1. Along the charge dipole of segment 76-126, pointing to its positive end and built from +1/-1 on Cβ of Lys, Arg, Asp and Glu, which listed residue (TRP126, TRP84, VAL103) has its Cα farthest out?
2. Tell me, what is the FRET efficiency for LYS74 and THR159 to the nearest 0.05, using R0 = 41 angstrom and their Cβ-Cβ distance as r?
3. How big is the charge dipole of segment 3-120 about its Cα centre, in debye rounded to the nearest 20, if each Lys and Arg gets +1 on its Cβ and each Asp and Glu gets -1 on its Cβ?
4. Post the alpha-carbon centroid distance, segment 4-66 to segment 101-129, in whole angstrom.
5. Mind checking which of ASN114, GLN66, VAL38 is farthest towards the positive end of segment 18-137's charge dipole, using Cβ charges of +1 (Lys, Arg) and -1 (Asp, Glu) about the Cα centre?
6. Could you tell me which of the pairs LYS123/LYS157; LYS74/LYS123; LYS74/LYS104; LYS25/LYS104; LYS100/LYS123; LYS25/LYS45 are separated by over 25 angstrom between their Cα atoms in the structure shown?
7. Could you check the spin-label model distance between ALA31 and ARG43? Points 7 Å from the Cα along Cα→Cβ, value in nm.
8. Going by C-beta contacts inside 10 Å, put THR159, THR141 in order with the fewest on the left.
Amino acid sequence: MSFAELLDRYTDKKGRSIQLGMVCKIESFDASSMRADVLPMVREKNELDDSFDYPVIPGIPVEYVQIGQGCYIKPFYQRGDFVWVGFSTFDTSSSLQGSKQEVKPDSKIFGLENACVLGAIAKQGWEEPQNLIKFEDNKLTLKVGNTELSLGSDGVKITGNLSVPNDEISGHVVKEKTSESSTAVSIGDIKTTFNTHTHLSSAPGSSTGTPNSQIGTP
């Protein structure tokens, strides 16, 4: 073995202790504390061809998204989900409590315990799940099972059943029409009237009056 090859091997061996990120699998997830136990999807072999799995990394923090003041998107994971996990250069125990982490020349770096779940990751053969929020084709879509709410520049589209608390919208009864209740308002009536009614105004920019087409009787 040449000196260059020996140096490369030494460098590679030392570099194995520097973890930047890896695919892991969720073993457990606590939504209240936003902590997860993850299993690295790595199996390593040594010079003797002995193999060993990386251990489960317990209780690591889970990243969430802040989209405004006091407004967040909170993820939820379950056992078996595949995620991408990142690793901090230094210990994070003090930093996560709001204090600066003291780092010394002999401080350990790139420890597996200093990890964070950064998000779910798509496996090979990934298919779009039934429950998701997405923005594509200039439409924002919220999908839960067979129910889908799509918002775009051309309006709002709802696929699935629509139920209303207390069977009322702005005081109007919402239910299917029957022979015994011919004055009740159906979902079709609501959609038709919503798309066609107009408001009268005495002058541009002034307050509008009562719609010239109402939905039933309060």
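1. So the residue furthest toward the plus end is TRP126.
2. Working: r = 25 Å, r/R0 = 0.62.
The pair LYS74/THR159 has a calculated efficiency of 0.95.
3. On the way: 13 positive and 17 negative charges, 70 e Å.
The calculation lands at about 340 debye.
4. Each part reduced to its Cα centre gives a spacing of 8 Å.
5. Toward the positive end, the furthest listed residue is GLN66.
6. Numbers: LYS123/LYS157 31 Å; LYS74/LYS123 22 Å; LYS74/LYS104 35 Å; LYS25/LYS104 33 Å; LYS100/LYS123 37 Å; LYS25/LYS45 20 Å.
Table pairs above 25 Å Cα-Cα are LYS123/LYS157; LYS74/LYS104; LYS25/LYS104; LYS100/LYS123.
7. 3.4 nm
8. Ascending number of Cβ neighbours within 10 Å: THR159, THR141.
Every number here is computed from the coordinates shown, using simple stated rules; none is lab data. Everything quoted here is computed from the prediction, not taken from an experiment. Glycine also receives a Cβ, built like all others from the backbone with ideal geometry; neighbour counts cover every protein chain displayed.
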